[in-house]
Amino acid sequence: MNKQTSPYQALVAICEVPEIKKNALDVDQMLGVICAVSAAPTQLDLQDWLPCLWAEGQTPSFSNEQLAVEFAAAGMQFYDACLTGYQQSIALMLPTQRWINKSLEITEQGSRFALGYLSGFQSIEQNIEIVEEGKLEQLLQTTTLLLSKIANPSGDNPDMLTLFNQLPEMDEIVSSLPLLLGTLGHFSLQANNYDE
């Protein structure tokens with residue numbers, strides 16, 4: 001990988017291809033899903049999570065083999081970068097500059113990333129054993145709450161809105177996400193090691 005290229009850029013670029021743009025999730029939602037599924041305690045194969053990147057009711061299909069290979073390679077590049085970040089417990093390289101506007105409000109891209117992460121995490125959470133100390137559980141609750149605020153800043157009900165108002169401002173949340181998600185992924189990968 002070129003040191004000047006972020007691990008998500010190939011996926012962002014290939015998502016501009018019209019047939020992918022039409023049939024797949026929005027790229028920010030894809031990034032969220034991949035961040036979440038790469039945090040599974042046991043590594044998932046591409047065929048396990050690739051269908052999660054397609055719009056509801058769509059089946060992964062490509063007009064030619066080269067496009068399929070390029071899309072899979074771009075997805076795996078980001079998956080592997082997330083996995084490496086989790087293993088090293090470092091901040092993930094994410095396009096956070098796209099997720100907050102000049103008025104310090106969350107953008108549609110930021111909301112879609114949060115929705116993608118929450119959706120992807122739901123698909124793996126049954127595989128995560130909560131460790132005795134509760135550190136993973138606390139991180140998971142904090143992350144879920146912050147991502148829920150990003151996904152739906154106006155809140156679904158008055159109680160949620162009251163809770164959201166007690167949380168940090170959007171720009172603080174967005175700037176903390178790369179490290180928070182990297183740490184959560186690290187603890188998630190380590191969760192199954194406590195049983196061995």
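Tabulated data for the structure shown
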item	result
Lone qualifier among S176, S188, S154 - being within 24 Å of L104 (Cβ to Cβ), in contact with a Phe, Trp or Tyr (Cβ under 9 Å, 6 or more places away or on another chain) and either small (G, A, S) or not in a helix (DSSP H, G or I) (or both)	S154
Checklist (1) modelled with pLDDT of 90 or more; (2) charged (D, E, K, R); (3) surrounded by fewer than 17 Cβ atoms within 10 Å (Cβ to Cβ) applied to R98, failing item	(3)
Considering residues of the stretch 13-23 that are free of Cβ contacts under 8 Å to residues at least 40 places away in the same chain and under 20 Å from T107 (Cα atoms) only, the residue surrounded by the most Cβ atoms within 10 Å (Cβ to Cβ)	C15
Verdict on M93 being surrounded by 15 or more Cβ atoms within 10 Å (Cβ to Cβ) and assigned to a loop (DSSP other than H, G, I, E, B)	yes
Failed item, numbered, when A81 is tested on (1) surrounded by fewer than 16 Cβ atoms within 10 Å (Cβ to Cβ); (2) part of a helix (DSSP H, G or I)	(1)
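Yes/no matrix, rows are residues, columns are (1) touching a Ser or Thr at 6+ places or on another chain (Cβ under 9 Å); (2) among the aliphatic types (A, V, I, L, M); (3) modelled with pLDDT under 95:
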residue: E105; (1), (2), (3): no, no, yes
residue: E108; (1), (2), (3): no, no, no
residue: S111; (1), (2), (3): no, no, no
residue: A114; (1), (2), (3): yes, yes, no
residue: Q122; (1), (2), (3): no, no, yes
residue: Q126; (1), (2), (3): no, no, yes
residue: G134; (1), (2), (3): no, no, yes
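The values are calculated or read from the model by the stated rules, or taken from the named source; none is laboratory data. Quick caveat: nothing in here was measured; it's all calculated off a predicted structure. Counting neighbours? That spans all protein chains shown, and the Cβs are built from the backbone with ideal geometry, glycine included.
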